[in-house]
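A short write-up of the structure that comes next.
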Amino acid sequence: MIESNLSNVLHRIAEEFEIELSNASTLTGGDINEVFLLEGKAGKFVVKLNDAEQYPGMFEAEKSGLEELRAPGVIDVPSPMKTGQVDSYSYLILEHKPSAPKRPDFWEIFGEQLAHLHKQRAGSFGFETNNYIGSLPQYNDHRDSASRFYLEMRLEPQIRMAEEKGFQLNVSNTFYENCQQMIPDEPPALIHGDLWNGNFLVNSDGRPCLIDPAVAYAPREMDLGMMKLFGGFHEDLFKIYDQTFPLEAGWKDRVDLWQLYYLLVHLNIFGAGYRSKVLSIINKYG
């Protein structure tokens, strides 16, 4: 049952988008957004809501990221249709993606399509706008190398935030120097940016569909690191990926370096339970 105030908000959004609303139901959301399915004569649409004051510009940034992922046409991504605000709620309207069981070759298709996504290039590392990683700001100022982008735009902001929260990480200059040497000198790749196993769907063709991105042109191994952090991806995916777009030698040895960013994010959102793993990786490279 949808609360009356949210029901009113959804009806007003439907009117703005000219949906003749016949039904609204709750979908699985998260800690940040509430997600609903709107049904009307024109079809089904997904609406995401959050606190406009707490997360300014989140949905506009997500819309830009989804559009960037859709543009090459190499992997399925829901079309973002409209952003706006009703009362204290920001909203994002998305194409609804019906689901079906995975095809037998689902993971091979996923690996090949992700490889083709990562082949999309830009002139520098970064993105046209800052966005969010979970509930935290993610900065995308342009940098001219993979190591500078990862250290300055990914690790350093999260390390500063963690230390401001009272987590003593004692990151040395040696750590940064070693990281810089470890990061491959590859060109910027279009990445999803937050590719854990909850951020893809299985579409009506039984193929993968990416959702909830934190897009940037960044080191492509970041996506692979996140995919391996919490599991849920078959090894066939990584095998086909490497055949389609061969990875630099030693990529498996760098997985924890990329995971450090996401673990710092979890430390800053969820607290001390992630500190020991963060320190373990920092000490390994420092």
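Relative contact order for the range 30-165: 19 percent, from Cα pairs under 8 Å spaced at least 6 residues apart, divided by residue count. Short-range pairs are left out: with C-alpha atoms under 8 Å and at least six residues apart, the relative contact order of the chain is 18 percent.
The fewest-to-most ranking of 16, 60 by surrounding Cβ atoms within 10 Å reads 16, 60. Listed by chain and number, the lysines whose C-alpha is less than 20 Å from the C-alpha of residue 165, apart from same-chain residues fewer than 8 away, are 277.
Sorting the Cα pairs of the range 221-286 by distance into bins of 10 Å, from 0 upward, gives 20, 48, 24, 8 percent per bin. Toward the positive end of the charge dipole of the chain, with +1 on the Cβ of Lys and Arg and -1 on the Cβ of Asp and Glu, the farthest Cα among 195, 182, 80 is that of 182.
Mind putting a number on the dipole of the chain about its Cα centre? Charges go on the C-beta only, +1 for Lys and Arg and -1 for Asp and Glu, and I need it in Debye to the nearest 20.
Details: 26 positive and 41 negative charges, 112 e Å.
The dipole magnitude comes to about 540 debye.
Using the Karplus relation 6.51 cos²θ - 1.76 cosθ + 1.60 with θ = phi - 60°, the per-residue 3J(HN,Hα) values for the range 51-56 come to 6, 4, 6, 6, 10, x Hz, with x marking Gly and Pro.
Taking 0.36 nm per residue of separation and subtracting the Cα-Cα distance, full extension of the segment from residue 26 to residue 178 would add 50.0 nm. Backbone phi angles across the range 116-133, fed through the Karplus curve with coefficients 6.51, -1.76 and 1.60 (θ = phi - 60°), yield HN-Hα couplings of 5, 4, 5, 6, 6, 10, 9, x, 8, 6, x, 7, 5, 8, 5, 8, 10, 10 Hz in residue order; Gly and Pro are listed as x. Footprinting exposure proxy ranking of 125, 175, fewest other C-beta atoms within 10 angstrom first, gives 175, 125. Remark: the range 4-95 carries a charge dipole of roughly 220 debye about the Cα centre, counting +1 on each Lys and Arg Cβ and -1 on each Asp and Glu Cβ. With Cα atoms defining each centre, the range 243-267 and the range 13-86 are spaced 30 Å apart in the structure.
Each semi-axis of the equivalent ellipsoid for the chain is √(5λ) with λ an eigenvalue of the Cα gyration tensor; in descending order they amount to 33, 23, 16 Å.
What translational diffusion coefficient, in µm²/s and rounded to a whole number, does the Stokes-Einstein relation yield for the range 4-95 at 25 °C and a viscosity of 0.890 mPa s, taking the hydrodynamic radius as the Kirkwood radius over Cα pairs? Calculated translational D: 181 µm²/s. At 1.567 mPa s and 4 °C, plugging the Kirkwood radius over alpha-carbon pairs of the range 126-269 into Stokes-Einstein gives what diffusion coefficient in µm²/s? Diffusion coefficient, whole number: 81 µm²/s. Taking a straight line from the alpha carbon of residue 63, these lysines sit under 19 Å away, with near neighbours fewer than eight places off in the same chain left out: 44, 48, 82, 97.
Rule-based calculations on the coordinates, nothing more; no lab input. Here the structure is a predicted model, which means the values were calculated and not measured. Virtual Cβ from ideal backbone geometry, glycine too; neighbours counted across all protein chains shown.
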